[in-house]
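The values are calculated or read from the model by the stated rules, or taken from the named source; none is laboratory data. Keep in mind it's a predicted model, so treat the numbers as computed, not measured. So basically every Cβ, Gly included, is an ideal-geometry build from the backbone, and we count neighbours across all protein chains shown. Note: accessible area is taken over every heavy atom of the protein model, side chains too, but ligands, DNA and RNA are not part of it. Shrake-Rupley method; radii C 1.70, N 1.55, O 1.52, S 1.80 Å.
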Amino acid sequence: MTKGLILGIAAALSIAGAAKADPVDLSAYVDANGFIKVQKLTCAQLANTYQEDANALMSWYSGWYNGLAHKNEMDYKKGRELEHLVIEYCKAHPGEKIIHAIAVNLKDMRAEGLMQEK
């Protein structure tokens, strides 16, 4: 019983330690040509980067999605809300791609009437 308890505590501490790993700079994901393959980034990578890098990355995704929709404006408040929702989603789903997390949360925000399609 005691051995099992000790192993359980050790496992819990190792998981907690992994979850609080030092943040990784986005530059770690730059390829030999200087680019980040944004469609391949995972939620774990977003959740484990510096806040300013997450902000920059989410701003890039916002521009990308707005470009695909032929929009030329940015709703700052909704963009920040989406960023928060995506980061929270990514913490719970580290194996998912960031683009999937964005799509899920955009769909939810539209369903709740928080975002309008033009």
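Here are a few things to note about the model shown:
- Count of the stretch 37-90 residues, restricted to those that are open to solvent by 60 Å² or more (accessible area, probe 1.4 Å) and touching a residue at least 60 places away in the same chain (Cβ under 8 Å), is 1.
- Of the residues making up the stretch 21-36, those that are surrounded by 16 or more Cβ atoms within 10 Å (Cβ to Cβ) and assigned to a helix (DSSP H, G or I) are Leu26, Tyr29.
- Remark: Asn66 matches the filter, which requires a residue to be modelled with pLDDT under 90, part of a helix (DSSP H, G or I) and polar (S, T, N, Q).
- Filtered by the rule that a residue be open to solvent by less than 70 Å² (accessible area, probe 1.4 Å) and of a type in the set (D, E, K, R), the stretch 91-107 gives a lone residue, Glu96.
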